[in-house]
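What follows is a set of notes on a single structure, which appears directly below.
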Amino acid sequence: MATASTTGDARPILDQIATTDRRRRISWRLWFSATWVALVGSLLFALWITGNIQLDFIAEWSPFILQGTTTTIILSVVSMVLATILALIGAVSRLSSNPVINGAASLYVSLVRGTPLLIQIFFIFFALPQLGIVLPALPAGIIALGFNYGAYMTEIFRAGIQAVAPGQREAAEALGMPERLVMRRVVLPQAVRIVIPAIGNDFVAMIKDSALVSTIAVQELLWRARSAGTQEFRTLEALLIAALAYWVLTIIFSFFQERLERRMARGDR
C-alpha cells in the first residue's frame, strides 16, 4: 500500500515536469522561428527600401524561374543515384587486394578530387565531342555531377565498410559464407546505415553544385534566373529568386535527412 501511495503521489510531479519541459521546447521553437523570420524579413525590407527591388518583375518572372526547380531536383536525384553506384564500386575496389583493381579505383578518386568540378563539366560537354562523343546538356551534367560526387563518396563508403566490426565478417565466414555473400548480406547493409548521414550532406551540397551545369545551358534554376535577369536588366531580383529557391530546397531535404538520422539512431539504440 505504501508503494502504491508513493507512486500515486509522484505521478502529478512527473506530469508537471513533463508539461514544463514541453512548454520549454515549444517556447524555444517559437523564439527560434521568430528569430529567423525577423532576420530574413529585415534583410528583405532593407533591400526593398533602397528602391532597387522591382516587385512587378518578381511577380512576372518568378513562375518562369521557379520552373527550373523541377530540373534541378531531377538533375540532383539522378546524379546522386549514379554517384552512389560509382561509390559502392569504388569503395569495394579500394579495399580489394588486387593491385590492378585497387590502383584503378585510387586513380579515379585522385583524378576527380584533384580537378575542379567545373573543368569536369566542360570536359564532358565540350572536349568529348572532339573524340566523337556528343552528349546533350542534361545527360552531360548528370554524368559530370555523378562522376565527381562518386569519387568523394567512395571514401565515405570505404570508411563505412571499414567501420563494420570485424567480428561480423568473421562470424559470417565461420558459417561458410563466401566473400561476395558476406559483403552483400552482412557488411554492406551495416555500412550503408553508417554512411547515410554523410550521403545526405552530399546530396544537399549537390543541389547547390547543380547550379554549375547552367554553364552548359541546362535550364535549371540559375540558368533561368540569369536569362530573365539579363533580358530585363533586373539581375538582382532574378538571382534573389533563385537563391531563395535553392535555400528552400536545402531546408526541405535537410529536414528529411534529420528525420531519417533520428529514426536510424532509435533503431541503433
Calculated from DSSP helices alone, with each H run of at least 4 adding -39500 (n - 2.57) and the total divided by the residues of the chain, [θ]222 nm to the nearest 500 comes to -27500 deg cm²/dmol
Of Arg185, Arg193, Arg224, which is the most mobile in a GNM of the chain whose springs link Cα atoms less than 10 angstrom apart?
Arg185
For the modelled label position 7 Å from the Cα of Ala205 along Cα-to-Cβ, which residues of region 98-131 have backbone nitrogen atoms closer than 14 Å?
112-118
From the phi of every residue in region 75-85, what ³J(HN,Hα) in whole Hz does the Karplus formula 6.51 cos²θ - 1.76 cosθ + 1.60 yield, where θ is phi - 60° and glycine or proline is x?
4, 5, 5, 5, 5, 5, 4, 4, 4, 5, 4
Given (1) 1.06; (2) 1.16; (3) 1.38, the label whose value is Cα Rg over 2.2 N^0.38 Å derived from this model
(3)
What list of ³J(HN,Hα) couplings, whole Hz, do you get for region 153-158 from phi and the Karplus terms 6.51, -1.76, 1.60, once you set θ to phi - 60° and write x for glycine and proline?
6, 4, 5, 5, 5, 4
If the elastic network links every pair of Cα atoms under 10 Å, which of Leu175, Leu145, Leu222 fluctuates the most in the Gaussian network model of the chain?
Leu175
In nanometres, the difference between 0.36 nm per residue of separation and the alpha-carbon distance of Ile119 and Arg22 is 29.8 nm
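None of the figures in this text is laboratory data; all of them are computed from the coordinates on show. None of the values given here were measured: they were computed from a predicted structure. Positions of Cβ are generated from backbone atoms using ideal geometry, with glycine treated the same way; all protein chains shown enter the neighbour counts.
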